Amino acid sequence: MTVRQHVHVAGRVQGVFYRDTCRRLAEERGVAGWVRNLYDGDVEAVFEGSPDDVATMARWAAEGPPAARVDHCTGVAEEPEGLSGFRVLPDAPSQDNPPEDIPPGVDPGAR
């Protein structure tokens, strides 16, 4: 059984190796998905895998790496998309200045 969790993390979570640590831990557990910085200083990630592995990653997301300070973490269960591998995506654009090749409202991580 594969599950999917979409998390949003607020706090001091950029510039503290949050994304790289997330990628490394997800790869170690065989969890697929992605992580990226948001324009407002937050981080979002998607985890797909076994219920136990995804739950472990969601718990880790609420704590982050040692240099991070997570103030708030929310998660939403979603339908798995069958992702493979784990990627660090480019930073999300500002909502006021989306890139021309991605229509507003389209999540570039959703594949």
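The values are calculated or read from the model by the stated rules, or taken from the named source; none is laboratory data. Remember, predicted model here, so these are calculated numbers, not experimental data. Note: ideal-geometry Cβ built from the backbone for every residue, glycine included; neighbour counts use all protein chains shown. Accessible surface areas use protein heavy atoms only, side chains included; no ligands, DNA or RNA. Shrake-Rupley method; radii C 1.70, N 1.55, O 1.52, S 1.80 Å.
Values for this structure:
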{"item": "Filter result (free of Cβ contacts under 8 Å to residues at least 40 places away in the same chain and in a loop (DSSP other than H, G, I, E, B)) within segment 20-64", "result": "30, 40, 41, 42, 63"}
{"item": "Output for segment 70-82, where each listed residue is surrounded by fewer than 12 Cβ atoms within 10 Å (Cβ to Cβ) and either among the aliphatic types (A, V, I, L, M) or closer than 14 Å to residue 21 by Cβ (or both)", "result": "76, 77"}
{"item": "In segment 7-54, residue nearest to residue 68 (Cα to Cα) [restricted to those that are of a type in the set (Val, Ile, Thr) and in contact with a strand residue (DSSP E or B) (Cβ under 6 Å, 6 or more places away or on another chain)]", "result": "13"}
{"item": "Hits in segment 30-52 (condition: farther than 21 Å from residue 91 by Cβ and surrounded by 18 or more Cβ atoms within 10 Å (Cβ to Cβ))", "result": "31, 48, 49"}
{"item": "Conditions (1) out of contact with any helix residue (DSSP H, G or I) (no Cβ under 6 Å at 6 or more places or on another chain); (2) open to solvent by 40 Å² or more (accessible area, probe 1.4 Å): number failed by residue 88", "result": "(1)"}
{"item": "Extreme residue, nearest to residue 13 (Cα to Cα), among residues of segment 67-95 that are part of a loop (DSSP other than H, G, I, E, B) and either among the hydrophobic types (A, V, I, L, M, F, W, C) or free of Cβ contacts under 8 Å to residues at least 24 places away in the same chain (or both)", "result": "68"}
{"item": "Of all residues making up segment 7-22, the number that are out of contact with any Ser or Thr (no Cβ under 8 Å at 6 or more places or on another chain) and surrounded by fewer than 20 Cβ atoms within 10 Å (Cβ to Cβ)", "result": "9"}
{"item": "Residue that is modelled with pLDDT of 95 or more and in contact with a helix residue (DSSP H, G or I) (Cβ under 7 Å, 6 or more places away or on another chain), where the choices are 21, 56", "result": "56"}
